[in-house]
Every structure is written in C-alpha cells, then in structure tokens.
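See below for the structure under consideration.
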Amino acid sequence: MRRFGYVALLLTGLLVLSAGHALAGERRLVLVGSPELRGLDLNAAEIRQLFLGYAVTKDNHEVTAAINKSDALLYEVFLQKVIFMSSQTYERQLVAKVFHYGGQLPPTFARPEELTAALNSRPGLVTFMWEDYVRQLSNVTVVNELWHGSIE
Amino acid sequence: MNTDSHRPAARPDKKPPKQFYRTLGPALLALAACQIAAPAQAAEADQFFFFPAAAYAWRSEDPAGAARKREGEIDLDLFYTTDRGHLRFLAEVFGKTGGESEIEIERLQISWELWPGSRLWLGRFHNPIGYWNTDYHHGNYLQTTISRPGIDAFEDDGGVLPMHIAGALLEGYTALAGALWRYDVALGAGPEINSGLQPVAVYQPGVGAHDASFTARLSWQPKDTNNQVGVFAGLNLFPGASLTPVDVRQQLAGLFTNWHFGTRTDLLAVIYFVDNELTSPGATTQESFRDGYIQLEQALGAQWIAYGRAEGSSGATGNAYLNLLGGFVRERQLIGLRYDLAKNQAVKAEISKVHLLGDRFDQINLQWSAVYP
C-alpha cells in the first residue's frame, strides 16, 4: 500500500511538472483596443480583412488595424497563425492594396508605449499583443483571442 | 515592362540622344521629387510609393518587325495617394528609358466615398478587366514574374484589350454571407486604333477619337482566406484613326481565380472570350478568339519563389483584329525564379518560349525591382 502511495505521488508529481511545463510554454495572442471596443466580437474573416488594410464597420465602430512590430517573435507568430503568410508576402499585399485602392498602409509601431498611446488616441484602432503583456496595461482591453498554443 | 514588348513598331536601332534625355530629365526630376516628398509621409493621409526596376532581355531571334534582340531598360513608377475627408486622390506616373523611352501619367483619379468600402472614381484609371491589370498596375516589384501575360499587355506594349479608361469607376467591396465580395463597374472613353490601341492621354485629352468602353467585374473571396474567384465582362468601341480605317466593336467576358494552397503554393488562372466586329469602308467581319493563362508559384523558403506560366489562345491565327495590332503573344511557356533580397527588393530571372502570331523565339529576362519607402 505504501509502495502504491509512492508511485501515485511520483505520477502526480510528473503530471504537475509536465502540466506546468505546458502552461509555461503556452501563450495567447489577442486582439486589443481601447476600452470602448470591449465586447466587439469580430469574426476571423473580419480580423483578416482588418490586417489586410481594410476598415471594418461593426456595432457603430469603424475599426482599423495597427501593426505591432515591437516584438519579433510576436510578429512572426501573428504572420504564421493569423495571416498565414511570410512577412515578404504580407507586406507586398499591403502595398498592393494601397496601390490598387489608394488610402494608407496600416500604421506600424516598433515601440509598445507609442502603440498603447495610439490605441487610446485613435478611435477604433486595434492591434495584436501577447495577453500576458496586456495584463500589465490598464487602458486597453482584449477584443478577441487570435491564437493560443505553445511556442517551440 | 518594355523588354517584354513584341510590338512591331518598337524597333529603333539607335535611340536618338534627344529622346533619351527628354525622358531621363523628367525621370530624374521625379526621383528628386520623391526624395523631397518622402518626409511628407509624416502626414498620415498621404501615401507615397516609388517603384524602380532595371531589366535586361535577350532573344534567340530577331524576327522581322519585333523588338530588338538584346534590350536593357530602366523603369520608374511613382505613386501618390491622399485622403481629405471622403475625398481621395490617386496618381501613378510611369517612366522608362530603353527601347522606347516614355513618361506617361498612367492613372489620375479622384473619388468620393459613397459609403464605407465603396467609392466613385473619376479620371483615367486601369480597366478592371481580368486580374492582373488592377492588382499589379505598373509596379514590377508587386508581380511575382517579370513579364505580364500577353493578353494583359498594356496598349503601348502591343496590348489588344483596353487597359486604361478615362471616365467613371464604381469600385467597392462588401462582406456578405461570410465572404468578401468585390465589385467594379467602369464606363468611359476607351482607346482608338491608331497602329495599336491608343488610350486617352491625360496631357492631351482632346487628341484622337475615343468611343465608349464599359466593364463590370465581380469577385468572391471566401471567409478568412485570401483566395479569389471572379467574373468580368465588357463592351468596347474602338474608332479607327485615318491610318487604320477600321472601327471595332469588341465584346469580352472571362473568369479568373487566384487560389492559395497552404502558405506556399499559389495558382492564378484567367480565361478571356473576345468577340470582335470589324467595320471598314464596304465590309464588316466578325471574329472571335479565346486566350488564357495559368500561373503556378511555389515558395521555396522565405525568400525564393519558383514559378511557371503557360499562356495559350485559340482562334488567334488569321484573326483580322489581332493582325491589325500585331505583336500579339499567341502562346508562351515560361519558368522563373524570384529572390526577395530584402523587405523591399527582388531579383527575378525568367526563361520563356514565345510564339507570336508569325514568329517563335526563346527569351531570357533578368530584372531587379524594388518598392520605396
């Protein structure tokens, strides 16, 4: 009985360790915006449309996207899991869209503090961030989850 | 780009220095303007692009009447757009030095946003016909390949369809049933036939005889993909100039798709059905031809793309309309490789077998292209 107890303890420990490892590796990529956009439920097609440079009108909000280039890994995961394109192809598509219809490229931010300020100063602006980073910010809200999973 | 042009008229053995400098001068001025204008992008309503390209073409034969056997060319395409409330302005100026030097205002448009996603444009614009003409315009960097398909050739490169119209264009998109629907309706003055199609020139709007051109296009982009399937149709009236006293009534229709298989494989396929009625003093003839192409692109890693394209036509041999214009690419098979040097530059190499209406030859094209900023 005591032997069974040790085995159970060992198995439980392994389970906790492996679960802990998985949780530590799991990250969530989220769409964020100013607090006024809370509850705005955008579907996958609308999110893709936004990041290809088109405005989306929903629930009386005209939503536009900003590109977050403050973290190379974040941008890479966004391209692979949300846009499904290489950075060259994606950026070529953005230029092609403006070349066709006119308008502007989505604003790109390399500094997170400037991006956060823009989210609050430009109505309807959304971008993508790691959820754990968003938790540190008081003035932005999560609009949608874009992807979650572990990063190898 | 003209290194791909097979138009018979393009056969200057020696470029007169005057013409070269006449073109180079404005190109250099435009380049300087780009440098000055670039900081102005801080104003967020403005967007500026500058597409330079340098290309070289070698042909196995110098068929009578076709372009030269070896040809180098430098291109510069300048693009500017700005928004002022619901108003949007857009301009594209293309210049090249090489076989036939030129600077031309390709697009000059102003629009009003009717509702979100929909605009009414006025001016000279690219005809929303097929896929290529409105997705790549004159920006060589944006297209994976060096050459345009023969059926989509610009008028001054021996094109047989109206690629530029001056008039009104309703353009927009709407999300419906989980898909993005794009629509275009264009109505305006098309080209005249004067040893080739001659569209309305922005700087000489009253020159030439121009009649009506009409095009409608609808495309469907399913759900959250980048795939597209579309249909288009058009009616064009081309008055003949005194040198070419033949009036043409052209009806056309077609289908296109741009389909992505995973993240690495892309397929672009287009088919055109074209009916022409030619009226010359004392005679009327009706003819039709079909033309299409299929282009396959395969990404090899992040920076390389291998591609191939097959173009073909039926009813082109002996077609009076195509003979009238000359230089039509009746068939072509090509393979090529694109290498993205950096975020904004590409080097491409292409080998092709070209079959014009009367001649066949092999061709090698090399090109460097970029987009700035």
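What's the total number of residues in the range B:246-259 that are closer than 16 Å to B:E297 by Cα and modelled with pLDDT under 90? Result for the range B:246-259: 0.
Of the residues making up the range B:238-247, just one is in a loop (DSSP other than H, G, I, E, B), buried (at least 17 other Cβ atoms within 10 Å of the Cβ) and either without any contact (Cβ under 8 Å) to a residue 40 or more places away in the chain or under 23 Å from the mean Cα position of the chain (by Cα) (or both), namely B:P239. Across the range B:190-225, the qualifying residues are those that are in a strand (DSSP E or B) and among the aliphatic types (A, V, I, L, M), and the one among them that is farthest from B:E155 (Cα to Cα) is B:L218. If you go through the range B:312-355 and keep only what is surrounded by fewer than 14 Cβ atoms within 10 Å (Cβ to Cβ), more than 14 Å from every other protein chain (Cβ to nearest Cβ) and assigned to a loop (DSSP other than H, G, I, E, B), you end up with B:T317, B:G318. Tally the residues that are touching a Gly at 6+ places or on another chain (Cβ under 6 Å) and among the β-branched types (V, I, T), restricting the search to the range B:212-231. Selection size over the range B:212-231: 1. Looking across the range B:102-117, the residues that are away from every other protein chain (no Cβ under 11 Å), closer than 19 Å to B:R88 by Cβ and not charged (D, E, K, R) come down to B:I105, B:L108, B:W112, B:L114. Being crowded, with 22+ Cβ neighbours inside 10 Å and of a type outside the set (A, V, I, L, M) is the filter here, so list the residues in the range B:364-373 that pass it. Correct list: B:N365, B:Q367, B:S369.
Kindly establish whether A:T57 is outside any helix (DSSP H, G or I), among the polar types (S, T, N, Q) and over 16 Å from A:L119 (Cα atoms). Yes.
When residues in the range B:119-135 are screened for being assigned to a strand (DSSP E or B) and within 11 Å of another protein chain (Cβ to nearest Cβ), 4 of them pass. Taken over the range A:90-106, residues that are part of a helix (DSSP H, G or I), within 8 Å of chain B (Cβ to nearest Cβ) and either among the polar types (S, T, N, Q) or more than 19 Å from B:G172 (Cβ to Cβ) (or both) amount to 4. Could you please let me know if A:A117 is within 16 Å of A:T141 (Cα to Cα), more than 11 Å from chain B (Cβ to nearest Cβ) and in contact with a strand residue (DSSP E or B) (Cβ under 6 Å, 6 or more places away or on another chain)? Spelling it out, it is not the case that A:A117 is within 16 Å of A:T141 (Cα to Cα), more than 11 Å from chain B (Cβ to nearest Cβ) and in contact with a strand residue (DSSP E or B) (Cβ under 6 Å, 6 or more places away or on another chain).
Looking only at residues that are modelled with pLDDT under 95 and in a loop (DSSP other than H, G, I, E, B) in the range B:161-189, which one is surrounded by the most Cβ atoms within 10 Å (Cβ to Cβ)? It comes out as B:G178. A count restricted to the range A:56-89 and to residues that are more than 14 Å from the chain's Cα centre (by Cα), surrounded by fewer than 15 Cβ atoms within 10 Å (Cβ to Cβ) and within 11 Å of chain B (Cβ to nearest Cβ) stands at 2.
Of all residues in the range B:293-311, which are under 18 Å from the mean Cα position of the chain (by Cα) and either surrounded by fewer than 16 Cβ atoms within 10 Å (Cβ to Cβ) or not aromatic (F, W, Y) (or both)? Explain how you work it out, then say what you get.
Filtering the range B:293-311 down to residues under 18 Å from the mean Cα position of the chain (by Cα) leaves B:293-295, B:309-311.
Correct list: B:I294, B:Q295, B:R309, B:A310, B:E311.
If you go through the range B:226-237 one residue at a time, do you hit one that is closer than 26 Å to B:W304 by Cα and not in a strand (DSSP E or B)? Yes, the range B:226-237 contains a residue that is closer than 26 Å to B:W304 by Cα and not in a strand (DSSP E or B). Scanning the range B:181-197 for residues that are farther than 30 Å from A:E46 by Cα and among the small types (G, A, S) gives B:G188, B:A189, B:G190, B:S195, B:G196. Of the residues making up the range A:35-55, those that are surrounded by 14 or more Cβ atoms within 10 Å (Cβ to Cβ) and out of contact with any strand residue (DSSP E or B) (no Cβ under 8 Å at 6 or more places or on another chain) are A:N43, A:A44, A:R48, A:L52.
The values are calculated or read from the model by the stated rules, or taken from the named source; none is laboratory data. Note that the structure is predicted; figures quoted are calculated from it, not measured. Positions of Cβ are generated from backbone atoms using ideal geometry, with glycine treated the same way; all protein chains shown enter the neighbour counts.
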